[in-house]
Amino acid sequence: MVEVPVLNIVAPLEVCSNNNDGFAIFNLIPTMIEVTENPVPSDLQITYHETLADANENVNRILNIGAYQNIVVNNQTIYVRVTRINSNCYAAMPIDLIVN
C-alpha cells in the first residue's frame, strides 16, 4: 500500500523588495527539504503552483523555482504538491510569500 506523503509545515518566506513595489524574487528550492526531509526522498516529486486547484490537478507548475517573482503585491500564497512517484498519492499545502 502506498502512503500519502507527510509534509512539514514551512514558515512564511520573507524577502525585501528592492524598490518598495511589493514584488521580489523568491528561491523556493530550500523549501523542498523543509517540506519533506534532507535529502528529499527519491520516491517523491515536488512541484509548486499558484493556486490550490492547480496543485490538486497537477497543472500550471511554477517552472522557475529558483527565482520565482510573486504576482500578488506584498503577500501571496502558493502551494507545494508532493507526489509519490508511480502513484496517485499526493499531499498539497500552502506556503506564504511575504515581501517587506
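The values are calculated or read from the model by the stated rules, or taken from the named source; none is laboratory data. Since this is a predicted model, take the numbers as computed values, not measurements. Every residue, glycine as well, gets a Cβ built from its backbone with ideal geometry; the counts of neighbours run over all protein chains shown. What goes into the accessible areas is simple: the full protein's heavy atoms, side chains included, and nothing from ligands, DNA or RNA. Shrake-Rupley method; radii C 1.70, N 1.55, O 1.52, S 1.80 Å.
A few remarks follow.
- Selection from region 48-66 of residues that are open to solvent by less than 70 Å² (accessible area, probe 1.4 Å), more than 19 Å from residue 25 (Cα to Cα) and in contact (Cβ under 8 Å) with a residue 24 or more places away in the chain: 54, 55, 56, 58
- The combined condition, being of a type in the set (Phe, Trp, Tyr) and either farther than 16 Å from residue 99 by Cα or out of contact with any strand residue (DSSP E or B) (no Cβ under 9 Å at 6 or more places or on another chain) (or both), is not fulfilled by residue 68.
- Candidates 25, 29: the one that is surrounded by fewer than 17 Cβ atoms within 10 Å (Cβ to Cβ), of a type in the set (A, V, I, L, M, F, W, C) and out of contact with any strand residue (DSSP E or B) (no Cβ under 9 Å at 6 or more places or on another chain) is 29.
- If the condition is being out of contact with any Ser or Thr (no Cβ under 8 Å at 6 or more places or on another chain) and assigned to a loop (DSSP other than H, G, I, E, B), then region 18-29 contributes 18, 19, 20, 21, 22, 27, 28.
- Only one entry of 76, 45, 69 meets the criterion of being more than 11 Å from the chain's Cα centre (by Cα), surrounded by fewer than 18 Cβ atoms within 10 Å (Cβ to Cβ) and over 24 Å from residue 3 (Cβ atoms), and that entry is 69.
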